[in-house]
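What follows is a single structure, written as structure tokens, with notes after it.
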Amino acid sequence: MPSLSDRRRWLLDGARDTIPMMVGAAPFGVIFGTLAIAAGLSPAATAAMSLLVFAGSSQFIAVSLVSAGAALPVIWLTTFVVNLRHALYSATLLPYARPWPLAWRWPLAFWLTDETFAVVEHRFRSLGADGGQWYWLGSSLSMYLNWQLWTLAGVALGRSVPGLDRLGLDFAMVATFAAIVAPQLKKRPTLAAALAAGAVALLARGLPYKLDLMLAALAGVAAGMLLERGQKREAA
């Protein structure tokens, strides 16, 4: 049983290592809040989406679909498919998290984001999983609270400064996700997923209801999981 000081240290280490990601996510929270208000969502609905969904890319896509008048089943299916990339994250972290009780794995799975995955996976790969649940919790809570804070700032800004949605601010999300993904491309499954998703997104560009993103996400997840399984069979 780790001591209280060890748990506190691991928790704070996770939060500290996530600070650069928190700084990078801050503009997205503001942009999401402003775009959601511009799309017609109420401040309460916007805040509830960040609290209950907590998935930046899916929230942006959902807001764009709401703005386009898409039906709820289309919104649900699209955001579900986009978040399928978390299956790859889970497969990567499962060897470390398998011994943990469900009381740890369920909440940490909800809080798993691109940023937290990048931080936690690097720590586990470098130092192992000793105290990993506390480290993961520190990273997750800091990202979660950070996202709520900047979403509320975006809501306030969107209500006070009209027309911000026409400035193309959502491009910043694309740039940051590219920066997060790039260091992972040295792994063959991740590279295969990125290439497959990029090719499908390009070929399917312009399909209605963001179907290009849905197909690209499916292709990326399938390619990554197939190559991951192939590598495991080779190792066996």
I'd like to compare 49-61, 79-91, 127-139: which one has the highest average count of other Cβ atoms within 10 Å, and what's the full order after that?
127-139, 49-61, 79-91
Can you give me the span-like helices of the chain, meaning DSSP H runs with 27 Å or more of Cα extent along the axis and Kyte-Doolittle mean at or above -0.5?
19-38, 132-160, 211-235
Estimated FRET transfer efficiency (residue 126, residue 161; beta-carbon r; R0 35 Å; 0.05)
0.25
Taking Cα atoms of segment 21-66, Rg/Rh with Kirkwood Rh, to two decimals?
0.94
What percentages, rounded to whole numbers, describe P(r) for the chain computed over all alpha carbon pairs with 10 Å bin width beginning at zero?
7, 29, 35, 22, 6, 1
Per residue value of the accessible surface for segment 47-118 (all protein chains in place, 1.4 Å probe), Å²:
48 Å²
Calculate how large, on average over all directions, the projected area of the Cα convex hull of segment 187-236 is; give the answer in nm² to one decimal.
3.0 nm²
Which part of segment 67-106 falls in the paramagnetic zone of residue 191, meaning amide N under 20 Å from the point 7 Å along Cα-to-beta-carbon?
88-89, 92
Once the mean of 1/r over all distinct C-alpha pairs in segment 42-118 is inverted, the Kirkwood radius in Å reads 13.9 Å
Where does the charge balance sit around residue 139 when Lys and Arg score +1, Asp and Glu -1, over other residues with C-beta under 13 Å from its C-beta?
-3
Using a 1.4 Å probe on the protein chains only, how many percent of the accessible area of segment 1-101 belongs to carbon and sulfur?
72 percent
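The values are calculated or read from the model by the stated rules, or taken from the named source; none is laboratory data. Note that the structure is predicted; figures quoted are calculated from it, not measured. Cβ atoms come from the backbone with ideal geometry, glycine included; neighbour counts cover every protein chain shown. Heavy atoms of the whole protein, side chains included, go into the accessibility calculation; ligands, DNA and RNA do not. Shrake-Rupley method; radii C 1.70, N 1.55, O 1.52, S 1.80 Å.
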